[in-house]
Amino acid sequence: MDGEVLKFYNKIILSMKKILFTIVLLFISYLSVSAQKEVYFNTTKSEDIKVESLQGFSVGTGIDFLSLVQNFTSDYKSYSFPLGIGYFYEKRMAPRWTLTSSVTLSNNIIYRGHFFLSNGDSVDRILYYRLGLDVSIAPKWYFGYKHRYQAGKASLNSGWYLSLPVGAGTILLNTMPSNYVNYVGIGAGLAVGYRQAISKQWFLDGSVSLLGISSSLYSINKELYISSPYISYPTGIGLSAAYTFK
């Protein structure tokens, strides 16, 4: 890989790190401010307490703890710097339930200390970029929402939730040299998350994947294959910041 390309990748990695740092800093800043106590009175009738319908744009990243552990035990390190930018629409379906639809461009800078190509050749210290397009729908149950609303802490559907995301994605660009092509991947899962509004239009969101199942349509040397369903267990978290408008 020539020096100019490496410099380009390093600039992208640095930008992703800055965005991730900003998201984490926002979480820490909010936790510091929220330590101040406030008294709030609400007389809204129980039957009128409902989650909101929202739409907006988000930017987020993910951390896979299993990969981090493997880096401690493996001689060949692998690092990933994901960044997703997308649009979402969250529609209220019931007083405590919403259905979120989203379209996301997923950017990923990946470094691998050692990698086997589909033709059997091995590559040392490969750095490559991957751009994907993902669409998903996710019903969400905001448990404890009534209590938070009555306490004046439910702005932008703030609070704990359970989610059942179902999605599909495809790779638009992959600079890794390989005879492997992933045409489309599908997946579903179960996640628990927490959302916190930090202003009238901005919120932070964090989630932990509890269970997932996925499969994909791919080709090796132009021969098509369908992967067997793969089940994943709690290994990663997602962090995002979102701007909303109604």
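Since every read-out is calculated from the coordinates, none of them should be taken as a lab result. Just so we're clear, the structure is a prediction, and the values are computed from it rather than from any experiment. Note that we place each Cβ from the backbone using ideal geometry, even for glycine, and neighbour counts take in every protein chain shown.
Inverting the pair-averaged 1/r between distinct Cα atoms of the range 151-219 gives 14.8 Å as its Kirkwood hydrodynamic radius. For Met176, the residues whose amide H sits under 5 Å from its own are Tyr129, ignoring neighbours fewer than 5 places away on the same chain, with H placed 1.01 Å from N.
Plainly put, the range 112-246 has a radius of gyration that is 1.09 times its Kirkwood radius, both from alpha-carbon atoms, as the Rg/Rh ratio.
For the range 188-246, the Kirkwood radius over C-alpha pairs fed into Stokes-Einstein at 10 °C and 1.306 mPa s yields D = 112 µm² per second. Model label points for Thr170 and Ser232, set 7 angstrom from Cα along the Cα-to-Cβ axis, are 2.1 nm apart. Residue-wise HN-Hα couplings along the range 166-173, as the Karplus relation 6.51 cos²θ - 1.76 cosθ + 1.60 with θ = phi - 60° gives them from phi, are 10, x, 9, x, 9, 8, 8, 8 Hz; Gly and Pro carry x. Sorting 212-218, 230-236 by average packing, meaning the other beta carbons within 10 Å per residue, from highest down gives 212-218, 230-236.
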